[in-house]
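This report concerns only the one structure given below.
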Amino acid sequence: MSSLFEKIYDLQHIPSISKHEQIVHGIMNAIDAGVLTVGDKLPSINVMVAEIGYARKTIVKAYTELKERGLVESKNLKGYFIISQETNTTLKVALILFAFHSFQEDFYNTFRKELGKRFQIDVFFHHNNLSLFKTIMDNINRKYGAYVIAPIQDPEVIPLMEAIPSDRLLIVDRYLKLPPTYSYITQEFEEVTYKKLVELAPRLKEYDKMILFFKANTDLPKGILKAFQRFITDYNIKGEVFPDYRSKLLKKRTAFFTIADSSLWQILKDARKLEYRIGQDIGILAHDDNIVKEIAFGGISTISTDFTLMAKKAALYVKEGTPIQETIPTHLSQRNSL
């Protein structure tokens, strides 16, 4: 281990580098030089204290940063081990999303592009399953330098989030009420959906009824259902809610509001078979925009937040660490379908 300590000693004469940074960069330099390879055990904290004379908390801070960079792993009662030689990685980031829907794919692609190659991003999907979410959190606890999480809106999730230091956690997509020191970049559902439906009221009143497809106990935002129910009551519109689309529901002079893309594509498929005119015989409003909805059947009207903007702001938070609490605006894109 003398070569490792030499790499650390080499940095001690540089006044701009703090003590814990001397250890971090000394170990990284040792990895680059081949002194340390995957599987090698680092000196214990006690040995490091005795050898270089720094405080125990300084050594712990350095080893913690190496873990956050994805270079080191601690094993209970066994010590610290090298698990990667990718020293060009600045930070290891855990990104936890609901599922790989098209809009979350847009978020992921932008997030990765904005961070670049110096950040290692590990992606996990919880599928709105609380048990799976807890398992993911147990597995990634204290292994990452930053956590970007689209949480399940359940009280049981709050203590899991509060276990992460507020300067390392960013809540995205769905809002979760945490202490004021925590950052978030989210979207709002109930009030904004209601307002957008009101904007569409003159057009929706041209149809005999409006149907929303909403399945309970899924990841679909409950705020959308509440907004729909308020809207049809306030504007005296005949409305119904079904958990899933069925072909027998497709009738002329009906407006459909879809959240899941699977319902949307089936409606369009059946409408084409029946030669129904989209935007005339039937109306369609979808939640969450993408490029396919922009062009399919002359364009599908959507209510959607800007996931690209959300991802850019999330990446900036990871890079700079500046606290943020922001709700991304939601837009109505009115196209041929309504």
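Some points to look at:
- All conditions but one from (1) farther than 27 Å from residue 100 by Cβ; (2) free of Cβ contacts under 8 Å to residues at least 60 places away in the same chain apply to residue 149; the one that does not is (1).
Matching residues to (1) under 30 Å from residue 111 (Cα atoms); (2) in a loop (DSSP other than H, G, I, E, B); (3) at pLDDT 90 or above; (4) within 34 Å of the chain's Cα centre (by Cα):
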residue	(1), (2), (3), (4)
5	no, no, no, no
12	no, yes, no, no
37	no, yes, yes, yes
54	no, yes, yes, no
59	no, no, yes, yes
70	yes, yes, no, yes
86	yes, yes, no, yes
89	yes, yes, no, yes
92	yes, no, no, yes
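- Flag for residue 113 being surrounded by fewer than 21 Cβ atoms within 10 Å (Cβ to Cβ), charged (D, E, K, R) and in a helix (DSSP H, G or I): yes
- Some residue of the stretch 2-12 being within 19 Å of residue 79 (Cα to Cα) and buried (at least 16 other Cβ atoms within 10 Å of the Cβ): yes
Quick grid of which residues meet (1) within 30 Å of residue 321 (Cα to Cα); (2) in contact with a helix residue (DSSP H, G or I) (Cβ under 9 Å, 6 or more places away or on another chain); (3) of a type in the set (Gly, Ala, Ser):
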{"site": "4", "(1), (2), (3)": "no, yes, no"}
{"site": "41", "(1), (2), (3)": "no, no, no"}
{"site": "87", "(1), (2), (3)": "yes, yes, no"}
{"site": "95", "(1), (2), (3)": "yes, yes, no"}
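- Where a residue in the stretch 294-309 is at positive phi and its partner, wherever it lies, is in a helix (DSSP H, G or I) and not charged (D, E, K, R), with Cβ under 8 Å and at least six apart: 297/268
- Pick from the stretch 195-242, criterion assigned to a helix (DSSP H, G or I) and of a type in the set (Phe, Trp, Tyr), ranking: nearest to residue 305 (Cα to Cα): 228
- Subset of the stretch 307-338 (residues that are touching a helix residue (DSSP H, G or I) at 6+ places or on another chain (Cβ under 9 Å) and in a loop (DSSP other than H, G, I, E, B)): 322, 323, 324, 328, 329, 334, 335, 336, 337, 338
- For the stretch 204-226, a residue qualifies if it is under 20 Å from residue 244 (Cβ atoms), among the hydrophobic types (A, V, I, L, M, F, W, C) and crowded, with 16+ Cβ neighbours inside 10 Å, and the qualifying residues are 210, 211, 212, 213, 214, 220, 224, 225.
- Boolean, residue 314 is under 23 Å from residue 208 (Cα atoms), crowded, with 21+ Cβ neighbours inside 10 Å and modelled with pLDDT of 95 or more: no
- Residue that is nearest to residue 189 (Cα to Cα) [pool: residues in the stretch 225-268 that are small (Gly, Ala, Ser) and modelled with pLDDT of 95 or more]: 227
- Residue match in the stretch 51-73 (condition: over 26 Å from residue 147 (Cα atoms), out of contact with any helix residue (DSSP H, G or I) (no Cβ under 9 Å at 6 or more places or on another chain) and either surrounded by 14 or more Cβ atoms within 10 Å (Cβ to Cβ) or outside the structural domain of residue 139 (by TED's automatic domain parsing) (or both)): yes
- For the stretch 263-293, filtered to residues that are in contact (Cβ under 8 Å) with a residue 24 or more places away in the chain and surrounded by fewer than 16 Cβ atoms within 10 Å (Cβ to Cβ), the residue that is farthest from residue 192 (Cα to Cα) is 274.
The values are calculated or read from the model by the stated rules, or taken from the named source; none is laboratory data. This structure is a prediction, so every number in the text was calculated from the model and none was measured. Every residue, glycine as well, gets a Cβ built from its backbone with ideal geometry; the counts of neighbours run over all protein chains shown.
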